[in-house]
Amino acid sequence: MRLFRLTLFTVLRKKTWVISAFLVLVAPFILPRISSAEENPVLIQPALAQAAWALAWLSAVIWGFYSASQVGERLSQTGLGEYFQTLGTSAGRQLFEVWLALLSYVAPLGLAAALVCVLAASPSNAEEKAMWITTNFQYGVLFIAVIAPLLMMAISVASRFGAVSGFVITAGLSFYGLYGVGYVKQLISVDGNPFLRTLWAASPHYHFADPTERLRYKLGAIEPGEFPLVLAYFLGIALLYAAISRLVFRVRATV
């Protein structure tokens, strides 16, 4: 696990992760105070929960995928990947170790958002509070299930096509899955275009992993019978992305 440790300590020394940690752990307490939510104290806790999750997703996509793309490009362009290959670390093992190191920084962002919501924005009613905790735990798990394969894809694409491509492709997929598919659905409701229907069906529906609406309106946790299905859907996407990532990943630059 030498490459894992190297990547882990390289990211640690850069200290850019501090910005993401601040955004998720501190900024949610500040933003509602400087917004219109301050005028109505009842809105502060829902605004805090919404801000925590929104900033967790934003930090994971912007900082997480950018860092992954930088590492992926550096691995192939500097000869570091070839060096570790000569030491007996295969390309697949290198991809796994780098991915695991970066996931160690990105995955806690979702767990931190859930923790902020549970500790600072839980309802006072005992029954609602229990449901609130369950809901945040569920979406913490879904957050990791969505971000992890995209993180691997960012590393792989960047190793072959450069950091800009790695970041743009994965960030674009994320924002499309979170928000873009909603616009596609609206277009389908207007004209029912068969192409748009196919596009919508084949799209990654990452909005299922965004708890904003469910927390804002206290819709409760995902039903116990439905949650495994949602998780299985994202794990299926994860397997597909993992296969693609392994095929795309390379440890040496093109001559």
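The values are calculated or read from the model by the stated rules, or taken from the named source; none is laboratory data. These numbers were taken from a predicted model, which means no experiment stands behind them. Note that we place each Cβ from the backbone using ideal geometry, even for glycine, and neighbour counts take in every protein chain shown. SASA here: full protein model, heavy atoms, side chains in, ligands and nucleic acids out. Shrake-Rupley method; radii C 1.70, N 1.55, O 1.52, S 1.80 Å.
Tabulated data
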| item | result |
| --- | --- |
| Carbon plus sulfur fraction of accessible area for the chain, probe 1.4 Å, in percent | 68 percent |
| Descending semi-axes in whole angstrom, ellipsoid equivalent of segment 166-252, from the Cα gyration tensor | 25, 20, 13 |
| Charge dipole magnitude, Cβ of K and R +1, D and E -1 - segment 2-248, Cα centre, debye nearest 20 | 740 debye |
| Dmax and Rg, reported as Rg then Dmax, of the chain (C-alpha, Å) | 19.7, 64 |
| Top of Val164, Val24, Val190 by mean-square fluctuation, Gaussian network on the chain, Cα under 10 Å | Val190 |
| Estimated D of segment 65-146 in µm² per second, where Rh is the Kirkwood radius over Cα pairs and Stokes-Einstein applies at 25 °C, 0.890 mPa s | 162 µm²/s |
| Of Pro224, Pro108, Pro149, the one that fluctuates the most in a GNM where the chain has Cα springs shorter than 10 Å | Pro224 |
| Distance cut-off 26 Å, percentage of C-alpha pairs in segment 1-149 lying past it | 37 percent |
